[in-house]
Amino acid sequence: MTRRLLTNAGLATFADIDAPYGLVEDGVLALEDGVITWVGAEADLAPEFADWPKEDLGGCVVTPGLIDCHTHVVFGGNRAREFEMRLEGATYEEVARAGGGIVSTVRSTRAATEDALLEQALVRIDALIAEGITTLEIKSGYGLDQETELRMLRTARKIADLRPVEIRTSFLGAHAVPPEYKGHADAYLDEICLPALAAAHDAGLVDAVDGFCEGIAFSPTQIARVFDKARNLNLPVKLHAEQLSDLGGAELAASYGALSADHLEYLSETGVEALAGSRSVAVLLPGAFYTLRETQMPPVELLREHKVPIALATDCNPGSSPLASLLLTLNMGCTLFHMTPEEALAGVTREAAKALGLSDRGTLEAGKRADLAIWNVSHPAELAYRIGFNPLKERIFGGSQ
Ligand code: DI6
Ligand code: FE
């Protein structure tokens, strides 16, 4: 039995405690066999803990281990040239229609071996882990053929064998129409995407099913076909929705009880109501908003009014969000989307866990996994306030370093 008592800390529990951040001052955490067994103020500590090994955290702030609930960290190549083109005046959609964009990463990903994909992904994963991430989601979607989609998912799963981090995978075969099916999106779904989803599921590689509902990708009717297949396989769904226009993607996702709808810059009030009704999480991705120099803000105030849980994620990908920092994402959530630091931090802990359907993490409460981030700061707001500054002191994954 491994037991540890962490003392002298400010605990940002994000539990249902009547204090901003669920903050417990002069707090103590008891960890046993990878699970949090007690959380509270030192003054309330029971005598039974007297002989547990103690670690004095010197007044540091502890948060739940951070969760990046929307990433595309496995891919080949990079798109710096496209970044230059956009700066020369081309839009993201123009680049995509000219054969660049997602499809150019598809070419590099198809050409990359599993080892090469892994090696490149680990660089990004290590950057995330260095900022206290303990769980992250990784999507396929740069293969768009069965072999490469499965290779991406296997690579994602392998990361969890090589690094102390939990990986959740999402099948994103409906990310773009590959060049060989240009103009034939339905045939692509029938002949490639849906069979690849079944094969990936058979191989135990899929935790959820995602899609990109957009003019440059798939229509709501086409996404519904993918979601029907997911439902047959008993897999939860989520959707890239309302990123560049309003196609009613959030309403569609909600009608399938989606875990989350993501991006949402063009989300309407009807869409917000639909998410509220289905208890889906709104995942906001300020890195993509920033990179594409979007001006349409997601409707944060309406999401608040309708009590839709809001998560934040990096969307780490080679095109619209080459961002491997969840701390910078927190800052962007506040500065660009006017979220409060408390909402932003809840968005990478409690709400991000919900967006992945994980009820065993995301808060500091008895019974939750002992995934923690210990920070050299004196108040949690500092995590969202600084830019390019990493105050992580220690990360604990499943009870150990
Ligand atoms: N929306 C995004 O932000 C990423 N995928 C998507 O559907 C971008 C993917 C890329 O540009 O490579
Ligand atoms: Fe994305």
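Would you list the helices (runs of 4 or more DSSP H) that sit entirely within the stretch 321-373 and hold 2 or more residues that are within 22 Å of Ala127 (Cα to Cα) and out of contact with any Leu (no Cβ under 9 Å at 6 or more places or on another chain)?
Working: elements: 326-335, 341-347, 350-355.
The helices (runs of 4 or more DSSP H) meeting that bar are 326-335, 350-355.
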Discussion item. Suppose we keep only residues that are in a helix (DSSP H, G or I) and open to solvent by 60 Å² or more (accessible area, probe 1.4 Å) within the stretch 171-182. Which one would you say is modelled with the highest pLDDT?
Written reply: Glu180
Worksheet item: Does the stretch 8-46 hold any residues that are under 16 Å from Gly399 (Cβ atoms) and more than 28 Å from the chain's Cα centre (by Cα), and which are they?
Response: Val28
Fill in: Which numbered condition Ser400 misses (of (1) modelled with pLDDT of 95 or more; (2) at negative phi; (3) out of contact with any Lys or Arg (no Cβ under 7 Å at 6 or more places or on another chain))
(1)
Response to the item:
Contact list, first residue from the stretch 253-269 and open to solvent by less than 50 Å² (accessible area, probe 1.4 Å), second anywhere and of a type in the set (Lys, Arg) and within 14 Å of ligand 2 (Cβ to nearest atom), beta-carbon distance below 6 Å, six or more apart or interchain, is Ala258/Lys238; Leu259/Lys238; Ser260/Lys238
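Could you tell me which residue of the stretch 84-117 is farthest from ligand 2 (Cβ to nearest atom), considering only residues that are in a helix (DSSP H, G or I) and farther than 20 Å from Phe212 by Cβ?
From the stretch 84-117, those in a helix (DSSP H, G or I) are 84-87, 92-97, 102-111, 114-117; that's our starting set.
Those still in the list that are farther than 20 Å from Phe212 by Cβ too: 84-85, 87, 111, 114-117.
Working: Glu84: 22, Met85: 20, Leu87: 22, Ala111: 22, Glu114: 22, Asp115: 25, Ala116: 22, Leu117: 17 Å.
Restricting to residues being in a helix (DSSP H, G or I) and farther than 20 Å from Phe212 by Cβ, the top hit is Asp115.
Does the stretch 182-212 hold any residues that are of a type in the set (Gly, Ala, Ser), under 27 Å from Leu136 (Cβ atoms) and touching a helix residue (DSSP H, G or I) at 6+ places or on another chain (Cβ under 7 Å), and which are they? So that I can check it myself, show each step before the final result.
Initial filter on the stretch 182-212 (of a type in the set (Gly, Ala, Ser)): 183, 185, 187, 196, 198-200, 203-204, 208, 211.
Narrowing further to those that are under 27 Å from Leu136 (Cβ atoms): 196, 198-200, 203-204, 208, 211.
Scanning the stretch 182-212 gives Ala196, Ala199, Ala200, Ala203, Gly211.
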Fill in: Subset of the stretch 371-401 (residues that are among the hydrophobic types (A, V, I, L, M, F, W, C) and in contact with a Pro (Cβ under 8 Å, 6 or more places away or on another chain))
Leu372, Ala373, Trp375, Val377, Ala381, Leu383, Ala384, Phe397
Worksheet item: What pairs come up if the first residue lies in the stretch 91-117 and is of a type in the set (Lys, Arg), the second is open to solvent by less than 20 Å² (accessible area, probe 1.4 Å), and their beta carbons are under 7 Å apart, counting only those six or more places apart or on different chains?
Response: Arg110/Gly143; Arg110/Thr148
Practice prompt. Starting from residues that are under 30 Å from Phe171 (Cα atoms) and in a helix (DSSP H, G or I), keep the ones in the stretch 40-83 and report whichever is least open to solvent (accessible area, probe 1.4 Å).
Written response: Glu82
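From the residues in the stretch 183-232 that are of a type in the set (Asp, Glu) and open to solvent by 10 Å² or more (accessible area, probe 1.4 Å), which one is nearest to ligand 2 (Cβ to nearest atom)?
Going residue by residue through the stretch 183-232, those that are of a type in the set (Asp, Glu) are 186, 190-191, 202, 207, 210, 214, 228.
Still in the running and open to solvent by 10 Å² or more (accessible area, probe 1.4 Å): 186, 190-191, 202, 207, 228.
Details: Asp186: 23, Asp190: 24, Glu191: 24, Asp202: 25, Asp207: 16, Asp228: 22 Å.
Filtering first and then ranking leaves Asp207.
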Practice prompt. Take the stretch 288-316 and flag every residue that is within 15 Å of ligand 2 (Cβ to nearest atom) and within 12 Å of the chain's Cα centre (by Cα).
Written response: Ala311, Leu312, Ala313, Thr314, Asp315, Cys316
Worksheet entry | Subset of the stretch 151-170 that is farther than 20 Å from Gly132 by Cα and in contact with a Gly (Cβ under 8 Å, 6 or more places away or on another chain) - its residue that is least open to solvent (accessible area, probe 1.4 Å) | Met152
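For the stretch 206-216, enumerate the residues that are within 11 Å of ligand 1 (Cβ to nearest atom) and at pLDDT 95 or above. Don't jump to the end; show me each part of the working.
Our first condition is that a residue be within 11 Å of ligand 1 (Cβ to nearest atom); within the stretch 206-216, this holds for 210-214, 216.
Scanning the stretch 206-216 gives Asp210, Gly211, Phe212, Cys213, Glu214.
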Item to complete: Would you be able to say whether some residue in the stretch 217-238 is over 25 Å from Thr291 (Cα atoms), away from ligand 1 (no atom under 14 Å from the Cβ), of a type in the set (Val, Ile, Thr) and under 20 Å from the mean Cα position of the chain (by Cα)?
Response: yes
Fill in: Subset tally (residues that are under 21 Å from Glu119 (Cα atoms) and away from ligand 1 (no atom under 14 Å from the Cβ)) for the stretch 161-184
9
Worksheet item: Which one of Ser321, Ser378 is of a type in the set (Gly, Ala, Ser), at pLDDT 95 or above and open to solvent by 10 Å² or more (accessible area, probe 1.4 Å)?
Response: Ser378
Discussion item. When you scan the stretch 18-31, do you find a residue that is outside any helix (DSSP H, G or I), without any contact (Cβ under 8 Å) to a residue 24 or more places away in the chain, farther than 30 Å from Ala352 by Cα and aliphatic (A, V, I, L, M), even just one?
Written reply: no
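The values are calculated or read from the model by the stated rules, or taken from the named source; none is laboratory data. Here the structure is a predicted model, which means the values were calculated and not measured. Every residue, glycine among them, receives a Cβ derived from its backbone with ideal geometry; neighbour counts consider all protein chains shown. Heavy atoms of the whole protein, side chains included, go into the accessibility calculation; ligands, DNA and RNA do not. Shrake-Rupley method; radii C 1.70, N 1.55, O 1.52, S 1.80 Å.
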